[in-house]
1. Regarding the stretch 228-239, can at least one residue be identified that is modelled with pLDDT under 95, crowded, with 16+ Cβ neighbours inside 10 Å, touching a Lys or Arg at 6+ places or on another chain (Cβ under 6 Å) and in a strand (DSSP E or B)?
2. Criterion first (in contact with a strand residue (DSSP E or B) (Cβ under 7 Å, 6 or more places away or on another chain), open to solvent by 50 Å² or more (accessible area, probe 1.4 Å) and within 25 Å of VAL135 (Cα to Cα)) does LEU191 satisfy it?
3. Can you report the number of residues in the stretch 69-123 which are of a type in the set (Phe, Trp, Tyr), more than 17 Å from the chain's Cα centre (by Cα) and open to solvent by less than 30 Å² (accessible area, probe 1.4 Å)?
4. What residue, among those in the stretch 112-128 that are of a type in the set (D, E, K, R) and modelled with pLDDT of 95 or more, is nearest to GLU199 (Cα to Cα)?
5. Going by the conditions given, is GLU215 assigned to a helix (DSSP H, G or I) and either under 20 Å from ALA35 (Cβ atoms) or in contact with a helix residue (DSSP H, G or I) (Cβ under 6 Å, 6 or more places away or on another chain) (or both)?
6. How many of the residues in the stretch 216-227 are farther than 14 Å from GLY161 by Cβ and open to solvent by less than 60 Å² (accessible area, probe 1.4 Å)?
7. So if I check each of VAL194, VAL134, VAL160, which one is at pLDDT 95 or above and over 16 Å from ASP225 (Cα atoms)?
8. Has the stretch 160-183 got any residue that is hydrophobic (A, V, I, L, M, F, W, C), over 21 Å from VAL46 (Cβ atoms), open to solvent by 60 Å² or more (accessible area, probe 1.4 Å) and over 23 Å from the mean Cα position of the chain (by Cα)?
Amino acid sequence: MLGSTAHADAGDWFSGDWYLQVGAAGFSAPRFEGAKGRIFSASPLVSLGRAGSQVRFTSRNDNMSFSMLDVGSLRAGPVGKIVWGRSSGRADELQGLDSVKWGLEAGGFAEVYPTDWLRVRGEVRRGFRSHSGVVTDVFVDAFQDVTPTVRISGGPRLQVGSAKYLDAYYGVTPAESARSGLRTYKPDTGLSAVGVGGEIKWRITDAITTSAFGEYRRLMGPAKDSSLVRERGSANQLMLGISATYRFDFSM
């Protein structure tokens, strides 16, 4: 009897109208975390949730997420991110440093709307394969519809990284120091970046949305103090790009 009840509850939860939003962003960004040089790159955009739910705002900063809790001004659920690898052949500045494998980050997100024009979203993700650390991102965005199809938004960003996460991208072991000439460095957990971002979003149709965006990040604390950043890179990180998404509505 208990098993039947659990099955019915699960069926009720999954049944109904849903949406799947998929797309991609292309952008100009630093060649690696903390780099001076730039490169053009791309990343996927994926979001899944209940159709008809009051999703007032989405941003390119949002990683792939699945909304399991959607009540009023609160949404929450699992989140994931693809982490691309970093090899010493990508840039001369990385010569002598160990490569960072591609991998995944998985965890949870929560977002709240204190007002009708403001969203606060937080993500906590644990790395797999690329690193074994934890990353916490907080995004605050004010948004305004200037026309029925055009929306502008922007606000501050903050990132905190664990020692294991920061060590993968900013640490320099004694062996790496001997090969690269960089000073040995082992970071601690701490505030790793602050910044500000903005976006102009244009809804072409009910299903297709495009955007242009920009974001400035200033590396802080354990990231800024890395010998890789101080001797060969820059604490100032700027990204500019465009994106497009398509929304599929379906029922279960």
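1. No, that holds for no residue.
2. It is true that LEU191 is in contact with a strand residue (DSSP E or B) (Cβ under 7 Å, 6 or more places away or on another chain), open to solvent by 50 Å² or more (accessible area, probe 1.4 Å) and within 25 Å of VAL135 (Cα to Cα).
3. 1
4. If we take residues in the stretch 112-128 being of a type in the set (D, E, K, R) and modelled with pLDDT of 95 or more, then ARG119 is nearest to GLU199 (Cα to Cα).
5. no
6. So the answer is 1.
7. Being at pLDDT 95 or above and over 16 Å from ASP225 (Cα atoms) holds for just one of VAL194, VAL134, VAL160, which is VAL134.
8. Yes; the residues of the stretch 160-183 include at least one that is hydrophobic (A, V, I, L, M, F, W, C), over 21 Å from VAL46 (Cβ atoms), open to solvent by 60 Å² or more (accessible area, probe 1.4 Å) and over 23 Å from the mean Cα position of the chain (by Cα).
The values are calculated or read from the model by the stated rules, or taken from the named source; none is laboratory data. Just so we're clear, the structure is a prediction, and the values are computed from it rather than from any experiment. No Cβ is skipped: glycine too gets one built from the backbone with ideal geometry, and neighbour counts run over all protein chains shown. Calculation scope for accessible area: heavy atoms of the full protein, side chains included, ligands and nucleic acids excluded. Shrake-Rupley method; radii C 1.70, N 1.55, O 1.52, S 1.80 Å.
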